[in-house]
1. Given the conditions (1) without any contact (Cβ under 8 Å) to a residue 12 or more places away in the chain; (2) surrounded by 14 or more Cβ atoms within 10 Å (Cβ to Cβ); (3) under 24 Å from Gln107 (Cβ atoms), and given that Val314 satisfies all but one, which numbered condition is not satisfied?
2. Do we have Ala239 as surrounded by 13 or more Cβ atoms within 10 Å (Cβ to Cβ) and free of Cβ contacts under 8 Å to residues at least 12 places away in the same chain here?
3. Within segment 213-244, how many residues turn out to be over 30 Å from Ala264 (Cβ atoms) and assigned to a helix (DSSP H, G or I)?
4. Condition first: crowded, with 20+ Cβ neighbours inside 10 Å and over 9 Å from the mean Cα position of the chain (by Cα). Now tell me which residues in segment 103-112 satisfy that.
5. Out of Gly158, Gly192, Gly175, Gly168, I need the residue that is free of Cβ contacts under 8 Å to residues at least 24 places away in the same chain and in the same structural domain as Glu123 (by TED's automatic domain parsing). Which one?
6. Please go through segment 54-89 and give me each residue that is of a type in the set (Lys, Arg) and surrounded by fewer than 15 Cβ atoms within 10 Å (Cβ to Cβ), ordered by number.
7. Would you pick out the residues in segment 46-78 that are in contact (Cβ under 8 Å) with a residue 60 or more places away in the chain and in a loop (DSSP other than H, G, I, E, B)?
Amino acid sequence: MPSDPLRRCVGDTERFATEHWGRAPMLYAGTGSSFDDLLDIASVEVLLTDLGRRPTFRLVRDGTTLPATSYTVRTRVGGVDIDDVADVDRILGHVAAGATLVMQGLQRCWPPLARFCLALEAELGHAVQANAYLSPPSAAGLAEHADDHDVIVVQVDGTKHWEIGGLGAVVLAAGDTAYLPAGTRHSAHTTGAHSLHITLGLLTTTTREVLHRVLDRIDDVELDRPLPLRFTADASRSALVTQLADALDSVARRLATTDPADVAAGEVDRRTRRARRRWTGRLAVTVDPAAITDATVVRRRRPFTVALDADRAVLTLADRRLRLPAATFDALRTMADDDPVAVGLLPGLDAHDRSVVVRRLVREGAVEIVGNGSGNRSS
């Protein structure tokens, strides 16, 4: 099974980038891969039973979203009445009658999909969200529509019949995927088998959005002047044309001196700062000094570099720098590798200092805890 998420979804990533990304839909069939490590029907039941409160779920049938009052209930938590809690019995009744259960925002609440989406975001450079659709046999959920963002459909269980603009009628079986650029018309239904699929919504940043931000940064009072009085009248049309022509000339001059490299650097910085973070293990190391021992195994959570600067070791992440004592340099350099490592094998520090340093890096999101081991480096 491919380890990187994009290749799991599309196969040949170079061909996908040049022939399909933002251009044309594609079907990646017969991969032999399973996606049930991300979600399965049992997981959906856990989410519904334990975390089921709208808007994390909804029910749709034959192109219509069912009223929430028909499958939610009021309950009491911590002395507070809360509405919109899943009434599992009524939900099961709707599903048995042909409704599709939609689980929403799983990139926030289901750890396997959260990790997958974050890894896919890191590879794509664009934000990713995840919804799941569980349908009984002979069911149609949403009516034909087109999304305003790119979508990768991942078939997890069962089969689903699709009509996709540019591809026609296709059937996705477990392990199959389909890519739909924004604006692609599509609809789906089941026949004799149930279906569980995930839609990975790719919330792409477009060139138009970047140019809007460039224009918003142009400091020119003329651009903020109101249009001429009575500009809709024929008598004022020439004044309107003159004002717009002057504004376009001014913008063109400003754009001509704008360095695309600076714009690109700004967009990378913006995306880095806005990227979602899912750092597990931080709470334990914050409240419990004994949470990190020499048997704890950690791994670099995201790339970082380490350098010496006078009497400090400087660890540089994508969005910040951490300055630590120079004595931590060798330990930091060891953790900068891809491989997991037991804390007890970190060089140059005693047990107490190793624990302090690793706790700091876990809190900062530079490394993550992957378990406990015998003290041997593993892959």
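1. Status for Val314: all satisfied but (3).
2. Considered against the rule, which asks whether it is surrounded by 13 or more Cβ atoms within 10 Å (Cβ to Cβ) and free of Cβ contacts under 8 Å to residues at least 12 places away in the same chain, Ala239 comes out as yes.
3. Residues in segment 213-244 being over 30 Å from Ala264 (Cβ atoms) and assigned to a helix (DSSP H, G or I): 10 in total.
4. Within segment 103-112, Met103, Leu106, Trp110 meet the criteria.
5. None of the other options fit; the residue is Gly168.
6. Result: Arg54, Arg74, Arg76.
7. If the condition is that a residue be in contact (Cβ under 8 Å) with a residue 60 or more places away in the chain and in a loop (DSSP other than H, G, I, E, B), then Asp62, Gly63 are the ones that fit.
The values are calculated or read from the model by the stated rules, or taken from the named source; none is laboratory data. Bear in mind that the values here come from a model prediction, so they are computed numbers and not experimental data. Because the Cβ atoms are built from the backbone with ideal geometry, glycine has one as well, and the counts that use them run over all protein chains shown.
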